[in-house]
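Structure first, then comments.
The values are calculated or read from the model by the stated rules, or taken from the named source; none is laboratory data. These numbers were taken from a predicted model, which means no experiment stands behind them. Please note: Cβ atoms are built from the backbone with ideal geometry, for glycine as well, and neighbour counts cover all protein chains shown.
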Amino acid sequence: MTHYTLGALLYEGKAKRVFATDQSDLVAVEYKDDATAFNALKKAQLAGKGELNCQISARLFELLERDGIPTHYLELQEPNWMLVRPVTIVPVEVVIRNTAFGSLCKQMPIEPGTPLDPPLLDLYYKDDAFGDPLLTDARLERLGVLTLAQRQELERLAVAVNASLRRFFDGIGLQLVDFKIELGFTADGTLVVADEISPDTCRLWDQQVSDASDRILDKDRFRQDLGGVVEAYGEVLKRVQGACHAPRSGK
Ligand code: UDP
């Protein structure tokens, strides 16, 4: 059990709050019930969402760890709180797509649902004021936030995350359509997977359901006003729980 005292609010994002603790190598993350989409143009409170995403993320971070992928995650605390290592987030969102959907099909002549083999890896500049634009190699170089070796490591980790998550979700009857991850540098300069991994950041389709709307178990239920958002996330957690040990817990 980790003893710590909560300190100042360091950062508040759309779905989480990050707090300092009295220990410099620990920060606490609170998962909120706020739901946002379309660069926060659409907002709602979904009771229970924060806890579901926290519980799903904790188990998925532990899965990645077991597969040798470093993450910021340390342990669960309260149902919607986890302790993580402090990191400096790289302002680049990494998206891997196994199946074409979402923005890709609005920007390219690719039918939604088309399998992508090999998976497509896209990098976006993480900045809401600019609407998280797609990065080119030249723009990434111009940004100057990653050396070539760091960029290669970031992409290597993202590909490893895809392999790990895809295998896991396939085993619980869920198709991992695509996902976004964020990575950060720890104090010693190690690049680790950070932020969260949940139905807010992954597209997950129920493999047993053929209906194109009914099979959606992720944030597209909120984006598309399909209803049943919390119920869908609950179904994801139920399946994840069935395939994982209880996560490390400080309580
Ligand atoms: N995604 C995310 N945060 C973002 C943008 C995308 O978590 O700011 C996730 C999204 O949930 C999906 C994947 O990244 O799983 C690919 O999203 P896409 O580029 O298709 O954008 P969207 O259609 O969601 O606008």
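Quick one: residue 111 ticks every box in (1) farther than 25 Å from residue 60 by Cβ; (2) away from the ligand (no atom under 16 Å from the Cβ) except a single one, so which number is it?
Condition (2) is where residue 111 drops out.
What are the residue pairs meeting all of these: first residue in region 201-212, first residue over 25 Å from residue 34 (Cβ atoms), second residue within 16 Å of the ligand (Cβ to nearest atom) and at pLDDT 95 or above, Cβ atoms under 6 Å, and 6 or more apart or on different chains?
206/215; 206/217; 207/175; 209/215
Take the residues in region 131-156 that are of a type outside the set (A, V, I, L, M) and in contact (Cβ under 8 Å) with a residue 40 or more places away in the chain; name whichever of them is surrounded by the most Cβ atoms within 10 Å (Cβ to Cβ).
Out of the qualifying residues, it is 132.
Condition test on residue 48, is it under 20 Å from residue 199 (Cα atoms), touching a residue at least 60 places away in the same chain (Cβ under 8 Å) and under 20 Å from the mean Cα position of the chain (by Cα)?
Here the answer is yes, as residue 48 does meet what is asked.
Based on this model, can you work out whether residue 87 counts as modelled with pLDDT of 95 or more, β-branched (Val, Ile, Thr), crowded, with 16+ Cβ neighbours inside 10 Å and away from the ligand (no atom under 12 Å from the Cβ)?
yes
Which condition number does residue 173 fail, the rest of (1) closer than 16 Å to residue 99 by Cα; (2) without any contact (Cβ under 8 Å) to a residue 60 or more places away in the chain; (3) away from the ligand (no atom under 16 Å from the Cβ); (4) not hydroxyl-bearing (Ser, Thr, Tyr) being met?
Among (1) closer than 16 Å to residue 99 by Cα; (2) without any contact (Cβ under 8 Å) to a residue 60 or more places away in the chain; (3) away from the ligand (no atom under 16 Å from the Cβ); (4) not hydroxyl-bearing (Ser, Thr, Tyr), the lone unmet condition for residue 173 is (2).
Between a first residue in region 93-116 that is more than 17 Å from residue 212 (Cβ to Cβ) and a second residue that is among the basic types (Lys, Arg) and within 9 Å of the ligand (Cβ to nearest atom), which pairs have beta carbons less than 8 Å apart while being 6 or more apart in sequence or on different chains?
93/126; 93/180; 94/180; 95/180; 116/97
From the list 149, 163, 138, 129, pick out the single residue that is part of a helix (DSSP H, G or I), modelled with pLDDT of 95 or more, among the small types (Gly, Ala, Ser) and within 16 Å of the ligand (Cβ to nearest atom).
Of 149, 163, 138, 129, the one residue that is part of a helix (DSSP H, G or I), modelled with pLDDT of 95 or more, among the small types (Gly, Ala, Ser) and within 16 Å of the ligand (Cβ to nearest atom) is 129.
For region 1-98, list the strands (runs of 3 or more DSSP E) that sit wholly inside it and hold at least 2 residues that are charged (D, E, K, R); which are they?
Per the criteria, 16-21, 42-45.
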